[in-house]
1. Scan region 45-60 residue by residue and report those that are in a loop (DSSP other than H, G, I, E, B) and crowded, with 16+ Cβ neighbours inside 10 Å.
2. Can you give me the number of residues within region 69-80 that are at pLDDT 85 or above and part of a helix (DSSP H, G or I)?
3. Tell me whether region 20-28 contains one or more residues that are in contact with a strand residue (DSSP E or B) (Cβ under 8 Å, 6 or more places away or on another chain) and either closer than 30 Å to Ala143 by Cα or not assigned by TED's automatic domain parsing to the domain that holds Tyr106 (or both).
4. What is the number of the single condition among (1) surrounded by fewer than 14 Cβ atoms within 10 Å (Cβ to Cβ); (2) aliphatic (A, V, I, L, M); (3) more than 24 Å from Lys145 (Cβ to Cβ) that Ile5 does not meet?
5. Any chance region 120-134 includes a residue that's of a type outside the set (Ser, Thr, Tyr) and at pLDDT 80 or above?
6. Return the pairs, sorted by first residue and then second, in which the second residue is among the polar types (S, T, N, Q) and surrounded by fewer than 16 Cβ atoms within 10 Å (Cβ to Cβ), the first residue lies in region 93-117 and is at positive phi and modelled with pLDDT under 90, the beta carbons are less than 8 Å apart, and the residues are 6+ apart or on different chains.
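The values are calculated or read from the model by the stated rules, or taken from the named source; none is laboratory data. Quick caveat: nothing in here was measured; it's all calculated off a predicted structure. Methodologically, a virtual Cβ is constructed for each residue, glycine included, from the backbone with ideal geometry; neighbour enumeration extends over all protein chains shown.
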Amino acid sequence: MVKDIPIRDIKVVDKRRKLRDLTELKNSINSLGLINPITVTQDNCLVAGYHRLEACKELGWKTIPAQIVEADKLTAELIEIDENLIRNELTVLERGEVLKRRKEIYEAMYPESKKGQYGGGKHGIGTKTKTENDTVSFSVDTANKTGYSPRTIQREVQIADKRLSTF
């Protein structure tokens, strides 16, 4: 369901990507309107659309169209990550970092997707035969959503792992 929500009522959590230049986005919204509504939970916590929200604030909007979703904390974070991945505006390192977090969430939600299960083994092929109800590995699921190969997904998670382990 999409409805207009007062911008002042929207809660933004601290864990957001760095805000980028909003000039082009503001120009687009100013001339065409907000094409894609932001996404919030039922208690108005922002799930996706941080840049759109900030652009509308800067344009002086008092309300903003919002898609309202029922989502627990992990599902809401997964929605945010998927929206950012699919838009493909992230640097390789940023994409690796969100892929790493997506993997943690996906495997917490679907522990059967880890190595040793169908789609979770070496090169995306597991150790047992797939049945209709099996959950695929993180890299296969993410590849299906982003258009990248499972191997690219695995490499970018490795890049993020190595970068984060050096700090």
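1. Of everything in region 45-60, just one residue is in a loop (DSSP other than H, G, I, E, B) and crowded, with 16+ Cβ neighbours inside 10 Å, namely Gly49.
2. Qualifying residue count, region 69-80: 7.
3. No, the conditions are met nowhere in region 20-28.
4. (1) is the only condition that Ile5 fails.
5. No; the residues of region 120-134 include none that is of a type outside the set (Ser, Thr, Tyr) and at pLDDT 80 or above.
6. Pairs that qualify, where the first residue is at positive phi and modelled with pLDDT under 90 and the partner is among the polar types (S, T, N, Q) and surrounded by fewer than 16 Cβ atoms within 10 Å (Cβ to Cβ), are Gly116/Thr127.
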